[in-house]
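Data first, discussion second: the structure below is written as structure tokens.
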Amino acid sequence: MKITKICCIGAGYVGGPTMAIIAQKCPQIQVTVVDLNEERIATWNDEDVNNIPIYEPGLSEIVKEARGRNLFFSTEVDKAIDEAEMIFISVNTPTKTYGKGKGMAADLKYIELCARQIARVSTSNKIVVEKSTLPVRTAEAIKSILDNTGNGVKFQILSNPEFLAEGTAVQDLLHPDRILIGGDTTEEGQKAIQALVDVYANWVAVGKILTTNVWSSELSKLTANAFLAQRISSINAMSELCEKTGADVNEVARAIGMDSRIGPKFLKASVGFGGSCFQKDILNLVYIAKSYGLNEVADYWEQVIIMNDHQKRRFSSNIVKTLYNTVSDKKIAFLGWAFKKDTNDTRESAAIYVADDLINENAKIAVYDPKVSYKKVLADLDYLQTRTADKNAESIVSFENPYKACEGAHAVAILTEWDEFVTYDWQKIYDAMQKPAFVFDGRNILNAAELEKIGFVYQAIGS
Ligand code: NAD
Ligand code: UGA
């Protein structure tokens, strides 16, 4: 089956960039990305491509090239579904905030709505691709909805999880380590798999396209995120031990990373991982394990989250402790609010939790982040519902100039590893701060010797 029209439901951090690359690499395929969120679609269509809703290095250039040619953003969901031979579901799958599995299980309501909409609208056979990260065996539920329309339309369901990381999405999509496609072992299932392989084969070497059964594919995505997050919690656990023993976590990471069995990547100790997926996916894994009665498996993975929460809290308590056990009415400057560099995404960012802890201690926080607005900072704090929105607005401000954010501060905390922070004039920052001037480097990006020479009291993670 040759694909000429693709529809993607969900124009978010995954749907937008993924479809932009497919459109760029497959000019013969018409790609329509649809979303219920009218504002989001309007900004994807903004005349000035620099205003698209997602900041990712290199993305606006690709959107500029393909948009209007074979890449379209629209709110006409039904039309795009019916026209397409292949439909990607790329909607959000957040942690449930209500009912059974609250705080653990993935909320599949948006997925089910998509399946029902596809079932209702389709008048010709479709391949439905799960792009969202889903609990293992979700395809079964989608299949049961799609197979019971009674209108004779046939559906094939594939699992094709996405492994891109934010901030490097374009490069990850252009040069993926692998593409994973899970499908039915039946003849029709294999044909559907081949149709999707053919799409990726436009730019990915066939040897890197891995095909499996649906359940292996679904579970591999949760497993990959669990392993990645586990490495961070493992090195962060060691960072606390380093601080007690005189070892340096950067040296330990280098030493173990040179073992080819361990490898050097993802061993950066930090204030804790953030992002919309690691925590959500591990909680979901824990929930699935528990639902099969596998309590030891569940407890094992839950420790990754427990360690990460501890690392965030440890960072804020250390600030309070070091500032003579009180931060009340003290100005603490935050450099960075995004959950990692090169993205405007702040979901589950460690900065939010550190700020929340410090505001509980009556600190005044001044934020500078090159890509995050004050509105977003406030919305992130309000979402926690720790205190009123007015109290949050009184306790935190944001600046468009990093030097202004640091002026008069008792301490600077580095929450995101933006490259520009390293090149700042730290002497100038020091001169304008209260003394003693403290720097708490939650990302280990600054040069300790240089800062100490200037006069800062400098504290990193794990040394
Ligand atoms: P997102 O919140 O940025 O985007 C999801 C979009 O889907 C939203 O714009 C929402 O309005 C839209 N939507 C929801 N229900 C809809 C419906 N019924 N019809 C039309 N539109 C609808 O989420 P995201 O970060 O792109 O993540 C999507 C999925 O991909 C999640 O399952 C996530 O776990 C997974 N994932 C995310 C990343 C990442 O880096 N963000 C990477 C890999 C996988
Ligand atoms: C992660 C995975 O890396 C992707 O493969 C996956 O597709 C994605 O989740 C997803 O499913 O959503 P992402 O969260 O965008 O991608 O970014 P990462 O680079 O993984 O960083 C996650 C968090 O861990 C960030 O807060 C980052 O600062 C932190 N981190 C990362 C560390 O603290 N130390 C490290 O060594 C690496």
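Would you call ALA165 farther than 18 Å from VAL136 by Cα and either away from ligand 2 (no atom under 15 Å from the Cβ) or buried (at least 18 other Cβ atoms within 10 Å of the Cβ) (or both)? Considered against the rule, which asks whether it is farther than 18 Å from VAL136 by Cα and either away from ligand 2 (no atom under 15 Å from the Cβ) or buried (at least 18 other Cβ atoms within 10 Å of the Cβ) (or both), ALA165 comes out as no.
Note on segment 75-85: residues that are closer than 11 Å to ILE9 by Cα and either more than 14 Å from ligand 1 (Cβ to nearest atom) or touching a strand residue (DSSP E or B) at 6+ places or on another chain (Cβ under 6 Å) (or both) total 3. What pairs can you find where one residue is in segment 1-23 and closer than 20 Å to ALA195 by Cβ, the other is more than 7 Å from ligand 1 (Cβ to nearest atom) and hydroxyl-bearing (Ser, Thr, Tyr), and their Cβ atoms are less than 7 Å apart, with a gap of 6+ or different chains? What qualifies is CYS7/THR32.
Taking the criterion of being farther than 25 Å from GLN156 by Cα and of a type in the set (Val, Ile, Thr), the residues of segment 65-103 that qualify are THR95, THR97.
Within segment 370-393, does at least one residue satisfy the condition of being over 20 Å from PRO53 (Cβ atoms) and of a type in the set (Phe, Trp, Tyr)? No - not one qualifying residue is present in segment 370-393.
Taking the numbered list (1) more than 10 Å from ligand 2 (Cβ to nearest atom); (2) among the charged types (D, E, K, R); (3) within 23 Å of LYS341 (Cα to Cα); (4) not in a helix (DSSP H, G or I) in turn, ARG261 passes all entries but (3). Restricting to segment 119-158, name every residue that is in contact (Cβ under 8 Å) with a residue 60 or more places away in the chain and on the phi < 0 side of the Ramachandran plot. Those that are in contact (Cβ under 8 Å) with a residue 60 or more places away in the chain and on the phi < 0 side of the Ramachandran plot: ILE127, VAL129, GLU130, LYS131, SER132, THR133, LEU134, PRO135, VAL136, THR138, ALA139. Set side by side, the residues SER239, SER216 differ, and just one is among the hydroxyl-bearing types (Ser, Thr, Tyr), surrounded by 17 or more Cβ atoms within 10 Å (Cβ to Cβ) and modelled with pLDDT of 95 or more, which is SER239. In a helix (DSSP H, G or I), crowded, with 22+ Cβ neighbours inside 10 Å and more than 16 Å from ligand 2 (Cβ to nearest atom): is that true of LEU173 in this structure? No. Kindly indicate whether any position in segment 146-158 is within 16 Å of ligand 1 (Cβ to nearest atom), crowded, with 18+ Cβ neighbours inside 10 Å and of a type in the set (S, T, N, Q). No, the conditions are met nowhere in segment 146-158. Between ALA379, ALA393, ALA448, ALA432, the distinction of being within 16 Å of ligand 1 (Cβ to nearest atom), among the aliphatic types (A, V, I, L, M) and surrounded by fewer than 22 Cβ atoms within 10 Å (Cβ to Cβ) belongs to ALA379 only.
The values are calculated or read from the model by the stated rules, or taken from the named source; none is laboratory data. Nothing here was measured: the structure is a model prediction, and the numbers come from that model. When we count neighbours, we look across all protein chains shown, and the Cβ atoms used for this are built from the backbone with ideal geometry, even at glycine.
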